[in-house]
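Below you'll find the structure, written out as structure tokens, and then a few comments.
The values are calculated or read from the model by the stated rules, or taken from the named source; none is laboratory data. Not measured: the values here are computed from a predicted model. In this analysis, Cβ positions are derived from the backbone assuming ideal geometry, glycine residues included, and neighbour counts consider all displayed protein chains. Note: areas computed on protein heavy atoms with side chains; ligands, DNA, RNA excluded. Shrake-Rupley method; radii C 1.70, N 1.55, O 1.52, S 1.80 Å.
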Amino acid sequence: MKLLVDVGNTAIKAVLFDGKDYQTCELSNLPWSKITELVYACVGSTELLKPLLAQAQQHAVPYFEAEVTAKLATLTCAYQQFKNLGIDRWLAVIAAYVEYPEQNCIIIDAGTATTIDVLNKEGAHLGGWILPGLDLMTSSLTQNTQRVFDDEQTPFTTELGRNTPNGLKNGAMVATLGAIEQAKQHLNQQGCQLLFAGGYGKLLADTYIDAKFDSLLVFKGLNYWRELAIKQ
């Protein structure tokens with residue numbers, strides 16, 4: 001059984017993979033006797049990770065940190081300075097590459113920031129964008145303007161705004177969707193699979209008929225990274 005760990009800026013999330021299914025888990029109650037290896041990605045402070053790695057050592061469980069490389073199997077990274085690509089973005093691209101082979105994909109991870117990455121059917125990561133997330137878009141305006149305000153009850157939709165809060169929130173929504181539509185242009189009008197993850201991923205995915213939302217996309221990418229890295 002693999003323990004898959006994603007270390008963020010303020011918290012650690014973990015998932016167990018038994019060779020077939022993925023299951024979220026609590027770090028305070030791990031079945032160490034069944035865990036054969038730990039695979040992790042770190043975008044936050046390594047201080048958060050130290051206690052977990054110490055536990056792994058105590059239980060003689062080997063651990064491996066996922067990293068961005070110029071190439072993984074037939075998947076290639078668009079960044080010349082590939083180490084500068086965020087590991088979570090790379091793992092989401094790896095998951096798309098494995099789960100949708102020989103398909104054009106656009107991968108959107110919508111959290112504090114919204115990242116958009118384009119993968120073509122040949123397995124080439126073409127690049128992507130980093131946008132402020134929906135909340136960050138709205139808060140940047142309310143904090144830096146005098147008459148723009150928000151409220152907690154107003155949802156994000158694509159309707160034209162008829163008051164300030166929904167004009168603000170819906171503007172953030174359509175700006176994000178517009179970026180996704182622009183990403184499609186880089187696939188030369190070919191069909192593509194839209195894959196969403198992150199806290200606002202489901203909301204965005206629901207605006208499309210054939211989009212997929214996967215809350216475990218990064219964890220699946222961690223698992224696939226390990227499998228493909230072994231074969232390198």
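For the reader, a short list of remarks on this structure follows.
- Förster-model FRET efficiency, 30 Å R0, TYR79 and ALA54, C-beta, rounded to 0.05: 0.35
- Projected onto its three principal axes, the C-alpha set of the range 41-139 covers 43, 41, 25 Å, listed from the longest axis down.
- Percent of alpha-carbon pairs separated by more than 20 Å within the range 81-232: 50 percent
- Once the 1.4 Å probe is applied to the protein heavy atoms, the chain comes out at 54 Å² accessible per residue.
- Averaged over residues, the count of other Cβ atoms within 10 Å places the peptides 191-198, 93-100, 22-29 in the sequence 93-100, 191-198, 22-29, highest first.
- Diffusion coefficient (Stokes-Einstein, Kirkwood radius over C-alpha pairs, 4 °C, 1.567 mPa s) for the range 84-158: 91 µm²/s, rounded to a whole number.
- Once the chain from GLU227 to LEU141 is taken as fully extended at 0.36 nm per residue, the excess over their C-alpha distance is 26.6 nm.
- Local electrostatic count, GLN190, Cβ distance below 9 Å [Lys/Arg +1, Asp/Glu -1]: +2
- Residue-span extension gain [LEU177 to MET1] - 0.36 nm each, minus C-alpha spacing: 59.5 nm
- One chain, two ends: VAL43 and ASN163. Fully extended at 0.36 nm per residue, the span grows by 39.4 nm beyond their Cα-Cα distance.
- Positive minus negative residues near LYS121 (Lys, Arg vs Asp, Glu; Cβ under 15 Å): -3
- Label separation (GLU65 vs LYS20): 3.5 nm, computed from points 7 Å beyond Cα along the C-beta direction.
- Scanning the chain for trypsin sites (Lys or Arg not before Pro) that sit in a DSSP loop and have at most 10 other Cβ atoms within 10 Å, the longest stretch containing none of them is 21-146.
- Rounded Å value of the spacing that divides the Cα centres of the range 185-232 and the range 124-152: 22 Å
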